[in-house]
Amino acid sequence: MRLNVYLLFKLTPKMGKVFMSSKFLKFCTLATCFFSSLSYGENEVAPILKLDSQVFAIPTLGTKTDGKIKISNEEALRLFELAKKNRSQQIFLGKNECSTCNNQVDVPKDQAANKAPPPDNKSGSDWQVVFLARLGLHSEANGSTLVTPEKSGAEQFNKDFAEIVGLYMSNNLTNESLDLIFQRSGVALSNNSDAAMAYVAAFGEKLVKNYGNSYPGKFIPQLEQIGNLFAGGSAGQCSDIHFLMLKTYKKIVGPNSKAYLVNYQTAKKLHHTDLVVENQGRINIISYGNITQNKPGQGDILAQNSKETAGFGLAYRIFSDAGEIDKMVAHIDTPMGKFLREVTTGVSSYNPFENSNYSAIISGLEKEGGSGVRLFFGELGQGDAVMGVAVDLKGVDKLSADFSLKRYLGTSLSYAHKKFRVDSSSEELHSAVLYVNTGLGVLSPKLDLKGFTIQARSDLALEGGLWFKHYSAMGDSTKNFEGDFNLISRTGVDATLKVSRKFKLDGQVEIELMPSFKTAFPQSTDGSSGAYGLPQTLGVLPNRITGSITGTYQITPQINIFSGVTYQQTPLGGVAQGTVGAGNSTLRASAFIRGAIDRNQTPLFIPGAERQVGLNLVFCPVTGKSATPIACLGATGTKSLENKSWGSTLTGEVRY
């Protein structure tokens, strides 16, 4: 077979500066990568290569020319082969990293291509049309299930409550006598979790009858709460009541049980606090006297679907028992929070163990650098649907000493509809949502020490959502405003060690910090006390510390194999993932296994805690004359090692 390859550079003076820019060099090197799949026969000759006077260097070689010479076929072929070899080495060493790469932990940074790279832009415009479609599938299509409390637990509570009444009437009720009653009930119920949940649900049903104001910055003490049941005083708000239920549950089951408080924004009222318990691989939500259950594989394991306090916000805040008050131990994105962040900024989550496990269609215009305008529609599971428009603005300023300052501001306006069933009745929530994500980031210069490079970065993001809500359970004439806000600080270091010409190691460490608070701070049940009591409960939550290391070996100039480990430490334990895979510029495949280091310590709702195996496949075909793909197709599938649940995501993106 005879193959002729023509390289022709015809530039006008006006286009010269543009084509000698980094963008043009990227096009040239990507074109070289494409042609590297072509082979020459033993007697093949390359065509005459004429270099125009506007071209001052051959990409990847550094060869200078005055534009007036012609080179022989043999010399053109030699330069072409040398350019291919140099370019393959540049790709291996990470000099062509994709700015829009997927941040999933099963994808090494230099191998990621779930999103199509920017196409060659010959028209001179910085804008491109982007279309993305994602389909999220889950093994559990149904929502939360209402649980009938276990009979023995409710009966035991009624028996104990009669004893508590007697002690109160005889003025012998003390904290010690209450603790003894709860511990004795634990023995009677064999420390059974189902029975204990029924016990505290019956307790919550009693306490909520005396729902009322609390103390700013602290809970109403246990003895006072129970005494107020008989004296007609306040048993506190949702946080006071569920904190007492949490402590009671742990006295019955044991101090190491996986029981926590979860605080979230609701559809009907302000923020609400529930008791959340993991039992037998399922998440149980206890709101006063009601118990609902979520199964793995339904998309949102922390979904709050009770009639009075249906969840609807950016995040779930998790709290544990810390003596006389609670403490914040985790901040977890809701599907709504991830979706609004993605359609507004292009990034769904800052946590590599999170999954974008929802369906979405996003289309719009994007400018080189990330700014864009997008229209979107999403189906988040659990009956949530969202549609709207987003504007994203990004910029980079050069600072002294080669530091860079990143600026970004994104906002979206959307309509959201939530429909679900509770107690055989259907409830609906209609909302107009204004979402804003803004922040600053600092990037240090890259330090290169003879094969070892290191770079530091820091980012501070403020995101918030404002909801104008109309909930069917409110009544036709009732509407409500509510807000949800996050302040997130991320600081990290990225490093690369070039061990040899064909082997390198990439490492990364990142810590995420955010403000923490206590659920105890509100004083009034209607929010009229504002933030009174909040300052004394504020703190800093080290939400997660993530470290990863990936080794990449270049088998051939076109094919790499890679293997890596990612570990993340959270206040509720560590999670890890191991990945192996292989890929080239068109196709990449990897397999991974992930899970909590100690499942007895780390609850199921922590991202990455459920032990799973999975596959990831990305295909970016090159068609026509362009060396750069304008489309990418991606698929990810997971299967639980703990239960029968599974999940999969199919993603396609086109840029032109």
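The values are calculated or read from the model by the stated rules, or taken from the named source; none is laboratory data. The structure displayed is predicted, hence computed values, not measured ones. Note that we place each Cβ from the backbone using ideal geometry, even for glycine, and neighbour counts take in every protein chain shown. Just the protein is used for accessible areas: all its heavy atoms, side chains included, with ligands, DNA and RNA removed. Shrake-Rupley method; radii C 1.70, N 1.55, O 1.52, S 1.80 Å.
Remarks
- Picking from residues in the range 599-656 that are closer than 14 Å to G281 by Cα and among the charged types (D, E, K, R), the one that is nearest to the chain's Cα centre (by Cα) is E610.
- Among the residues of the range 142-186, not one is over 30 Å from S426 (Cβ atoms), within 41 Å of the chain's Cα centre (by Cα) and among the aliphatic types (A, V, I, L, M).
- Looking across the range 557-575 at every residue that is aliphatic (A, V, I, L, M) and over 23 Å from G634 (Cα atoms), the one that is nearest to the chain's Cα centre (by Cα) is identified as V575.
- Failed condition for M387, given (1) farther than 30 Å from T491 by Cβ; (2) modelled with pLDDT under 95: (2)
- Looking at K450, K394, K418, K446, just one residue is open to solvent by 60 Å² or more (accessible area, probe 1.4 Å) and within 23 Å of the chain's Cα centre (by Cα), and that residue is K394.
- Across the range 146-186, the number of residues qualifying as open to solvent by less than 70 Å² (accessible area, probe 1.4 Å) and among the polar types (S, T, N, Q) comes to 7.
- Scanning the range 182-229 for residues that are among the hydrophobic types (A, V, I, L, M, F, W, C) and touching a Pro at 6+ places or on another chain (Cβ under 8 Å) yields M197, A198, A201, A202.
Per-residue answers, yes or no, for (1) buried (at least 22 other Cβ atoms within 10 Å of the Cβ); (2) of a type in the set (D, E, K, R); (3) touching a Cys at 6+ places or on another chain (Cβ under 7 Å):
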site	(1), (2), (3)
Y249	yes, no, no
Y264	yes, no, no
H272	yes, no, yes
V276	yes, no, no
R282	no, yes, no
I285	yes, no, no
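- Going through (1) surrounded by fewer than 22 Cβ atoms within 10 Å (Cβ to Cβ); (2) within 21 Å of I301 (Cβ to Cβ); (3) touching an Asp or Glu at 6+ places or on another chain (Cβ under 9 Å) one by one, A591 falls short only on (2).
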